[in-house]
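A.B. asks: There's a structure below that I have some questions on.
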Amino acid sequence: MDEFGPRLLIRPMQESDVFTVAEIEDRVALAPWSRHTFLACLRANYQCRVALLDNKICGYFVLSVAAGEAHLLNVVVVPEEQHQGIGSRLMADLITAAQRDGAEIIFLEVRMSNTGAQRLYKRFGFGEFARRKAYYKSESGREDAKVMRRAVAALDAVRSMVG
């Protein structure tokens, strides 16, 4: 199916994962989520999943689904494991989760400067929908966000996007 085979596992995030996830978040985000935020998402029954490569957390996502809409709140792959297909696996998994939870559409925000993530999202059928002014904290103050969306496709279509 992919180059990782059994070395890569995506599973539900557990409370015991939150410390590691928050450490990763501290490394990669300018305005990192706290452990308490991740715990609140778990307790609110959001779709929270982790990617493990050789049993070590290397990525995660948090997805909220309500009233037929999903909102991707956070998705991360550690920098040293990026560009290897882990992000694609996470995207396929979150689209599948959104469909299972009855979402008809998925929304997300992405930094205007994060062209790598934008390319990944476009590959998974997301298109620009709107912009949010000064949405993200940045090193120089604030940065606009591109709001992207996609309809939730059939599972077979999503699976064909990976690998």
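The values are calculated or read from the model by the stated rules, or taken from the named source; none is laboratory data. What you see is a predicted model, and the numbers here were worked out from it, not measured in a lab. Cβ: placed from backbone, ideal geometry, glycine included. Neighbour counts: every protein chain shown.
A.B. asks: Does any residue of the stretch 63-72 turn out to be out of contact with any strand residue (DSSP E or B) (no Cβ under 6 Å at 6 or more places or on another chain) and of a type outside the set (Gly, Ala, Ser)?
C.D. replies: Yes; the residues of the stretch 63-72 include at least one that is out of contact with any strand residue (DSSP E or B) (no Cβ under 6 Å at 6 or more places or on another chain) and of a type outside the set (Gly, Ala, Ser).
Yes/no per residue for (1) at pLDDT below 95; (2) crowded, with 17+ Cβ neighbours inside 10 Å; (3) in contact with a helix residue (DSSP H, G or I) (Cβ under 8 Å, 6 or more places away or on another chain); (4) under 19 Å from Leu120 (Cβ atoms):
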residue: Ala51; (1), (2), (3), (4): no, yes, yes, yes
residue: Asp54; (1), (2), (3), (4): yes, no, yes, no
residue: Tyr60; (1), (2), (3), (4): no, yes, yes, yes
residue: His71; (1), (2), (3), (4): no, yes, no, yes
residue: Val75; (1), (2), (3), (4): no, yes, yes, yes
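A.B. asks: Would you pick out the residues in the stretch 31-62 that are of a type in the set (Lys, Arg), in a helix (DSSP H, G or I) and either in contact with a strand residue (DSSP E or B) (Cβ under 8 Å, 6 or more places away or on another chain) or closer than 25 Å to Ala103 by Cβ (or both)? It would help to see each step written out before you state the result.
C.D. replies: Taking the stretch 31-62 as the starting set, the residues that turn out to be of a type in the set (Lys, Arg) are 35, 43, 49, 56.
Subsequent filtering for residues that are in a helix (DSSP H, G or I) retains 35, 43.
Matches in the stretch 31-62: Arg43 only.
A.B. asks: Okay, next question. Condition test on Lys122, is it in a helix (DSSP H, G or I), on the phi < 0 side of the Ramachandran plot and of a type in the set (D, E, K, R)?
C.D. replies: Against the criterion (in a helix (DSSP H, G or I), on the phi < 0 side of the Ramachandran plot and of a type in the set (D, E, K, R)), Lys122 qualifies.
Condition check ((1) assigned to a strand (DSSP E or B); (2) of a type in the set (Lys, Arg)) across all residues:
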position	(1), (2)
Ala70	yes, no
Asn74	yes, no
Asp93	no, no
Ala97	no, no
Gly102	no, no
Leu108	yes, no
Ala134	yes, no
Lys146	yes, yes
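A.B. asks: What residue, among those in the stretch 1-26 that are assigned to a helix (DSSP H, G or I) and at pLDDT below 95, is surrounded by the most Cβ atoms within 10 Å (Cβ to Cβ)?
C.D. replies: Per the stated criteria, the residue is Arg7.
A.B. asks: In the stretch 65-102, what residues are under 22 Å from Ser34 (Cβ atoms) and not polar (S, T, N, Q)? It would help to see each step written out before you state the result.
C.D. replies: Filtering the stretch 65-102 down to residues under 22 Å from Ser34 (Cβ atoms) leaves 71-79, 90, 94.
If the condition is that a residue be under 22 Å from Ser34 (Cβ atoms) and not polar (S, T, N, Q), then His71, Leu72, Leu73, Val75, Val76, Val77, Val78, Pro79, Leu90, Leu94 are the ones that fit.
A.B. asks: Ala130 versus (1) among the small types (Gly, Ala, Ser); (2) in a helix (DSSP H, G or I); (3) over 16 Å from the mean Cα position of the chain (by Cα); (4) at pLDDT 95 or above: which is the lone unmet condition?
C.D. replies: Of everything listed in (1) among the small types (Gly, Ala, Ser); (2) in a helix (DSSP H, G or I); (3) over 16 Å from the mean Cα position of the chain (by Cα); (4) at pLDDT 95 or above, Ala130 misses just condition (2).
A.B. asks: Does His36 satisfy the condition of being without any contact (Cβ under 8 Å) to a residue 24 or more places away in the chain and either surrounded by 12 or more Cβ atoms within 10 Å (Cβ to Cβ) or over 18 Å from Phe124 (Cβ atoms) (or both)? Show your work before the answer.
C.D. replies: Numbers: without any contact (Cβ under 8 Å) to a residue 24 or more places away in the chain: yes; either surrounded by 12 or more Cβ atoms within 10 Å (Cβ to Cβ) or over 18 Å from Phe124 (Cβ atoms) (or both): yes.
Criteria met by His36.
A.B. asks: Here is a check on your reading of the model: is Leu120 within 13 Å of the chain's Cα centre (by Cα), in contact (Cβ under 8 Å) with a residue 40 or more places away in the chain and under 28 Å from Ala134 (Cα atoms)?
C.D. replies: No, not satisfied.
A.B. asks: Give the residues of the stretch 14-57 that are under 28 Å from Arg150 (Cβ atoms) and touching a Leu at 6+ places or on another chain (Cβ under 7 Å), sorted by residue number.
C.D. replies: Tyr46, Gln47, Cys48, Ala51, Leu52, Leu53
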